[in-house]
Amino acid sequence: MNYIILGHPGAGKGTQAKKIAVKFGMVHLSTGDMFREAKKSDESINKLLSSGQLVPDEIVVNMVRERLEKNDIEKGFLLDGFPRTVKQAEELDRMLRSENIKMDGIFLINVPFEESVKRIAGRRVCACGASYHTILLPPKESGKCDRCGGVLFHRSDDKEDVIRDRFSVYEKQTKPLIEYYKESGLLIYIDGLKSESSVFEQIRGCIISGR
Ligand code: AP5
């Protein structure tokens with residue numbers, strides 16, 4: 001089972017991808033997580049992420065190609081945050097064709113812009129990967145991770161001015177992917193405005209029914 005999860009910033013891709021990957025034993029491949037790790041030792045990546053700009057296609061594609069060459073991919077994978085440009089989608093198609101891998105579906109999580117901004121502005125994350133929201137999903141103790149006790153922080157790209165830039169990057173560079181994938185017949189629309197568990201059920205239902 002191989003899926004892609006699309007949606008604009010704050011749509012809930014990461015939240016759902018983590019749960020779906022655990023539920024179905026797939027590899028969760030998040031390019032955002034990979035770059036957040038890379039930026040610790042790479043100042044040019046750090047600058048791009050902190051300003052809400054995309055990492056150049058060539059770097060992203062090579063990183064994903066290397067990851068898809070690992071054996072664990074055979075149990076199925078869920079791409080979160082990739083592809084993000086039509087160029088990346090074309091490269092992914094080429095990679096999959098050459099390895100004889102087929103995609104089973106492409107989830108597009110739809111959430112109104114204002115709701116996403118609200119979600120992103122209140123998001124607080126932990127170095128262990130856990131994610132919270134100051135109002136929608138607060139930790140038991142303010143500022144502290146329920147899972148590991150770590151100190152929660154605000155992502156550098158979750159500041160208001162950068163959020164605006166990320167949305168404009170999405171409109172210009174990522175939204176055209178919807179047209180690109182419409183022709184594949186694999187696009188599945190998900191109502192992301194519902195609760196986390198309801199969004200999860202929509203996606204789970206599609207996977208179980210073979211969509
Ligand atoms: P990435 O991490 O992929 O950022 P993004 O696409 O902007 O997505 P977000 O992580 O902001 O949102 P999400 O949709 O995952 O929402 P989440 O589940 O966290 O990429 C970061 C950067 O890396 C990019 O800007 C770029 O620089 C670079 N990059 C990554 N991939 C790249 C690529 N392919 N090419 C080039 N550059 C790339 O949820 C958000 C909040 O809402 C959370 O607080 C959560 O608790 C809450 N929430 C989630 N679901 C619900 C719900 N149903 N109801 C209420 N609250 C909810």
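Worth a mention:
- GNM top mover of Gly76, Gly149, Gly52 - the chain, alpha-carbon springs below 10 Å: Gly149
- Euclidean distance between Cα centres, region 67-111 to region 135-187, Å: 19 Å
- Annotation: amide H-H contacts under 5 Å for Leu6 (H modelled 1.01 Å from N, sequence separation of 5 or more, or interchain): Phe107, Leu108, Ile109.
- Residue-wise HN-Hα coupling along region 134-140, computed from phi with Karplus coefficients 6.51, -1.76, 1.60 (Hz; x: Gly, Pro): 4, 10, 6, 8, x, x, 4
- Where Rh is the Kirkwood radius over Cα pairs, Rg/Rh for region 145-211: 1.09
- Flagged links, alpha-carbon separation over 28 Å, of Lys19/Lys118; Lys40/Lys182; Lys47/Lys102: Lys40/Lys182; Lys47/Lys102
- The chain, Rg to Rh (Cα coordinates; Rh as Kirkwood inverse mean 1/r): 0.94
- Region 117-211: GluC sites (Glu not before Pro) in DSSP coil with no more than 15 other Cβ atoms inside 10 Å: Glu141, Glu183
- Measuring r between the beta carbons of Arg211 and Cys128 and using R0 = 35 Å, the FRET efficiency lands at 0.60.
- Carbon + sulfur, % of accessible area of region 2-209 - ligands and nucleic acids excluded, 1.4 Å: 52 percent
- For the chain, modelled as a GNM whose springs connect Cα atoms under 10 angstrom apart, the maximal fluctuation among Gly81, Gly122, Gly150 occurs at Gly150.
- Cα gyration tensor category, rounded, prolate or oblate, for region 1-73 with a/c compared to 1.5: oblate
- When the chain is treated as a GNM with alpha-carbon contacts under 10 Å, the residue of Thr134, Thr31, Thr15 showing the greatest mean-square fluctuation is Thr134.
- Contact order for the chain, expressed relative to its length and based on alpha carbon pairs under 8 Å spaced 6+ residues apart, stands at 30 percent.
The values are calculated or read from the model by the stated rules, or taken from the named source; none is laboratory data. Here the structure is a predicted model, which is why all the values come from computation and not from measurement. Glycine also receives a Cβ, built like all others from the backbone with ideal geometry; neighbour counts cover every protein chain displayed. To get the accessible areas, we keep the full protein, side chains included, count just its heavy atoms, and leave off ligands, DNA and RNA. Shrake-Rupley method; radii C 1.70, N 1.55, O 1.52, S 1.80 Å.
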